[in-house]
Each structure stands twice: as C-alpha cells, then as structure tokens.
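Report on the following structure.
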Amino acid sequence: MERTTPARAVPASTVLLVRDRPAFEVLMVTRHQQSTFAAGALVFPGGKVDPEDGNDGWGETVDGWHSVPADQRALRIAAIREVFEETGLLMARSSASRDCAAETATTARREIRQGHLDFLTFARSAGIVFDAK
C-alpha cells in the first residue's frame, strides 16, 4: 500500500532527566502493556501537547513565560505535565505553600490522569511556580 499523503507531525515533548550522583542515571518509564503504541517499551517521559498547555494563564505560574518564544511555550508545559503524569515527579521551582506535599501531588496526579482536574488549576491552587527557561 502506497501512502499518498505525508503523515502530519503532532506537537509533543520528551524529557531526559539525568543525574550523575551517586552514579550516572537516566530516568525512563515502561509504557503500559495495554497501550496501542509501543506497549511495554522503555521510553523517556513525554507525550502530545494538550490544548490547555498553551493557555495564556500559564504566564502567572511560569517564571520566564514571556521570554520563551510563543510557539515553544506549550511544548515546555507539555514536558512538565507529562513528567508529572507519568512519573509523579513535579518539576517545580517552588510552591507558595507546603501543602503541595506528596499526598496532595498524588491526589492531583490521579485526578489529572482521570480528566477531573487540569494541570493549570492544580498549579494555581498549590501556588506552584515552574521555570520555562
């Protein structure tokens, strides 16, 4: 079967989290066995850009938002959001309150993954500041 129409690129972000102490490590996750694409594969956290990732409201929650080119902003939020959704790691610069503890983040992660909470609302309610630089 010959393809006549080229595949359309979908905006997405992938993140490599690396540390060199105590030993060199790179974070990877295993895709769910029920995934329609690459089930069970080891992958770097990441995924498609969601429409909310480009919301102008992120400017209140992201340090350096306006210094990032507009076409790159949603990609950076997608990267931060995907790492949180897939690993539970919250790549934040700070939080206005200590209430963003592990239990709060775990509950928010579950709610976000189930579609009951959006990432921007969670970030605002927890007073989280992300770094877009």
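The values are calculated or read from the model by the stated rules, or taken from the named source; none is laboratory data. It should be emphasised that the depicted structure is a prediction, and the values quoted were computed from it without experimental measurement. All Cβ positions, even for glycine, are placed from backbone atoms using ideal geometry, and neighbour counts span all protein chains on display. To get the accessible areas, we keep the full protein, side chains included, count just its heavy atoms, and leave off ligands, DNA and RNA. Shrake-Rupley method; radii C 1.70, N 1.55, O 1.52, S 1.80 Å.
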* Structure fact -> From the option list Thr61, Thr30, Thr87, single residue qualifying as open to solvent by 70 Å² or more (accessible area, probe 1.4 Å) and of a type in the set (S, T, N, Q) is Thr30
* To do: Please find, among Val26, Val15, the residue that is free of Cβ contacts under 8 Å to residues at least 24 places away in the same chain and under 25 Å from Asp53 (Cβ atoms).
  => Val26
* Structure fact -> Here the residues within segment 92-126 that are in a loop (DSSP other than H, G, I, E, B), at pLDDT 90 or above, exposed (fewer than 15 other Cβ atoms within 10 Å of the Cβ) and not small (Gly, Ala, Ser) are Gln114, His116
* Give segment 19-41 a look and list any residue that's closer than 24 Å to Arg76 by Cβ and not in a loop (DSSP other than H, G, I, E, B), or say none. => Arg19, Glu25, Val26, Val29
* Which of the residues that make up segment 3-18 are in contact with a Gly (Cβ under 7 Å, 6 or more places away or on another chain) and outside any loop (DSSP other than H, G, I, E, B)? -> Ala12, Ser13, Thr14
* Asked: Is there a residue being within 10 Å of the chain's Cα centre (by Cα) and within 20 Å of Leu16 (Cα to Cα) anywhere in segment 104-125?
  -> no
